[in-house]
Amino acid sequence: MSSDEEVVATSIPYFIGKKENIIQTRRVLKSVGGRDVLLIYHQGDFYAIDARCYHSGGPLQEGDIEVGCKKSLLIYICMPQICFNFKFSLLPIKDFDGRPCIVCPWHKYKITLAEGEGLYQAVDPSVKPLKSTWCSKGIKQRIHTVTESNGDMFLTLNDSPGTIDSDYYQTEKYRDTFLKE
Ligand code: FES
């Protein structure tokens with residue numbers, strides 16, 4: 001592994017902010033332990049996934065900003081301290097196959113928030129009438145653990161061995177361009 005491919009991952013819990021603030025902003029981009037992670041609050045649950053899409057490195061924090069754009073701008077203006085080292089994201093969360101997914105803005109790949117699975121629809125032509133069903137490509141996006149303690153939120157990176165597709169976009173090469181955009 002060359003130096004620009006090195007990924008630093010550790011099981012240390014990182015403080016990532018106050019619970020109430022993350023609930024308010026809903027999505028936060030955070031750089032911790034050499035990794036860029038997108039934190040998401042969705043319907044009462046917190047999720048943390050690698051910030052760049054496993055397919056081609058698409059920025060999962062971006063996308064359709066029709067919903068909530070003005071609200072996030074207002075939060076940014078009123079609470080600039082929360083925004084230090086954070087970036088807001090407004091990518092819509094949708095349910096596919098009954099599971100909440102984030103949809104990449106580049107090629108619309110669907111990734112489950114809880115497992116990091118890539119989902120796709122398939123049709124069995126031998127079955128009539130034709131009907132599409134959701135299938136899994138397996139775990140493609142590395143997900144991480146979010147915990148709470150007395151209103152403080154912590155992120156523990158998933159440093160499980162083995163390569164997950166999204167690891168490729170956590171190298172210095174991609175991090176440099178990503179965070180400077
Ligand atoms: Fe995300 Fe292609 S980069 S779908």
F96 - accessible surface, heavy atoms, 1.4 Å probe, Å² rounded to 10: 30 Å²
Give the residue list of trypsin sites (Lys or Arg not before Pro) in the range 86-176 that are DSSP loop and have at most 11 other beta-carbon atoms within 10 angstrom. K108, K131
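When Lys and Arg each count +1 and Asp and Glu each count -1, what net charge do the other residues less than 11 Å away from N150, Cβ to Cβ, add up to?
Working: positive: K18, K19; negative: E148, D152.
Surrounding charge for N150 is 0.
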Entries of K19/K173; K108/K173; K18/K173; K30/K94; K30/K108; K94/K137 with Cα pairs more than 27 Å apart: K19/K173; K18/K173
If you count only protein heavy atoms and use a 1.4 Å probe, how large is the accessible surface of V32, to the nearest 10 Å²? 10 Å²
Approximate spin-label separation S31-W134, in nm, with each point projected 7 Å along Cα-to-Cβ: 3.4 nm
Taking placed amide H atoms and a strict 5 Å upper bound, the residues 5 or more places from K140 or on another chain that come that close are E117, G118
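The values are calculated or read from the model by the stated rules, or taken from the named source; none is laboratory data. Keep in mind that what you see is a predicted model, and the values were worked out from it rather than measured. Positions of Cβ are backbone-derived with ideal geometry, glycine not excepted, and every protein chain shown enters the neighbour counts. In case anyone asks, the SASA skips ligands and DNA or RNA and just uses the protein heavy atoms, side chains included. Shrake-Rupley method; radii C 1.70, N 1.55, O 1.52, S 1.80 Å.
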